[in-house]
1. Kindly indicate which of TYR155, TYR170, TYR177 is closer than 30 Å to ARG20 by Cα and among the aromatic types (Phe, Trp, Tyr).
2. Look at the range 120-135 and say how many of its residues are modelled with pLDDT of 95 or more and either among the hydroxyl-bearing types (Ser, Thr, Tyr) or in contact with a Lys or Arg (Cβ under 7 Å, 6 or more places away or on another chain) (or both).
3. Yes or no: the range 110-119 includes at least one residue that is under 25 Å from PHE44 (Cα atoms) and either open to solvent by less than 60 Å² (accessible area, probe 1.4 Å) or hydroxyl-bearing (Ser, Thr, Tyr) (or both).
4. Could you figure out which of (1) part of a helix (DSSP H, G or I); (2) modelled with pLDDT of 95 or more; (3) of a type outside the set (S, T, N, Q); (4) within 30 Å of GLN201 (Cα to Cα) isn't true of ARG76?
5. Would you pick out the residues in the range 150-166 that are surrounded by 19 or more Cβ atoms within 10 Å (Cβ to Cβ) and among the β-branched types (Val, Ile, Thr)?
6. Could you give me the residue pairs with C-beta distances under 6 Å whose first residue belongs to the range 47-59 and is surrounded by 15 or more Cβ atoms within 10 Å (Cβ to Cβ), whose second residue is among the small types (Gly, Ala, Ser) and assigned to a strand (DSSP E or B) wherever it lies, and which are 6+ apart or on separate chains?
7. Of all residues in the range 20-37 being out of contact with any helix residue (DSSP H, G or I) (no Cβ under 8 Å at 6 or more places or on another chain) and open to solvent by 50 Å² or more (accessible area, probe 1.4 Å), which is farthest from ARG189 (Cα to Cα)?
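The values are calculated or read from the model by the stated rules, or taken from the named source; none is laboratory data. Predicted, not measured: the structure shown is a model, and the values here were computed from it. A quick note on method: Cβ atoms are made from the backbone with ideal geometry, for glycine too, and the neighbour counts reach across all protein chains shown. Heavy atoms of the whole protein, side chains included, go into the accessibility calculation; ligands, DNA and RNA do not. Shrake-Rupley method; radii C 1.70, N 1.55, O 1.52, S 1.80 Å.
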Amino acid sequence: MSFDWDRFLTDAVTTPTGKRWLETAGDWADEKIQPFSLGEARDFVVKEERKDDCAIDPRKIVGTSHGKYNQGMTWRQFLGAGKKISTKLDVLELRPEYYDDPLAFDNDPNNKYGNPDGWHLAEIGNDLFITEGNHRSVIAKFRAHEDGVTSQRVYSVLSLTISEDAMRAYDRLQAAYLPGERDCGPERRLISDANGVKVYQIRVRCGLHVFGGAPLKDMEVHEAAEFVSNRNRLRKKVFDFIPNLYQKVFS
């Protein structure tokens with residue numbers, strides 16, 4: 001028997017605004033909250049720019065790094081199943097400034113609602129991912145879609161530029177290895193840090209068979225892909241033609 005989400009949400013969501021959203025929210029509210037890992041996303045990030053005290057469009061929020069909420073939960077389900085969400089919906093009714101201007105609210109000793117929660121997101125292309133402030137983000141997303149509040153002030157946004165060229169180069173590198181050759185994964189080297197913008201180069205440290213020269217230690221990923229491809233092109237043909245030769249050479 002499947003879980004009756006409709007019944008659960010009807011019972012769990014009690015505030016006027018929350019109930020209205022349950023009834024009126026469009027198909028977007030039934031999309032699953034996407035999983036996000038800042039650590040994994042950074043593997044091929046070549047540029048990071050942190051923007052503090054800035055405005056976002058909450059409709060662009062698509063996922064979160066919080067493991068409890070990114071395993072199949074939808075935005076609509078969060079309204080009833082998010083931890084402490086009922087309290088946060090109460091705050092929306094009683095103290096909307098908690099959401100309207102979170103920095104001012106959290107820093108005003110006369111207006112605090114508990115401890116300051118913070119509100120931080122990561123941006124990749126046109127998508128935003130929550131790294132802190134899940135409840136504020138979900139409520140902001142509903143306010144944007146259902147109430148037209150499409151400009152929202154947040155603590156910070158970390159804008160990430162991912163190099164698809166570096167990703168493709170790394171894939172070519174993997175395909176160029178001989179059996180037993182490998183690297184330690186993509187590594188970022190900081191080459192510039194100015195005015196809140198950090199620029200990185202993607203490098204790899206490869207472990208190659210020693211015959212024909214010393215093993216490759218550290219190269220930029222495009223250079224590594226070209227070097228290993230050229231180095232192993234003839235060797236791969238030989239090993240493909242005589243499959244048992246590899247075992248004889250390296251056993």
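1. TYR155
2. Selection size over the range 120-135: 4.
3. yes
4. Failed condition: (4).
5. VAL154, VAL157
6. GLU49/SER159
7. Filtering first and then ranking leaves GLU23.
So that you can scan it fast, the table gives a plain yes or no per residue for (1) buried (at least 19 other Cβ atoms within 10 Å of the Cβ); (2) of a type in the set (Val, Ile, Thr); (3) outside any loop (DSSP other than H, G, I, E, B):
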residue	(1), (2), (3)
GLN71	no, no, no
TYR99	yes, no, yes
LEU121	yes, no, yes
VAL138	yes, yes, yes
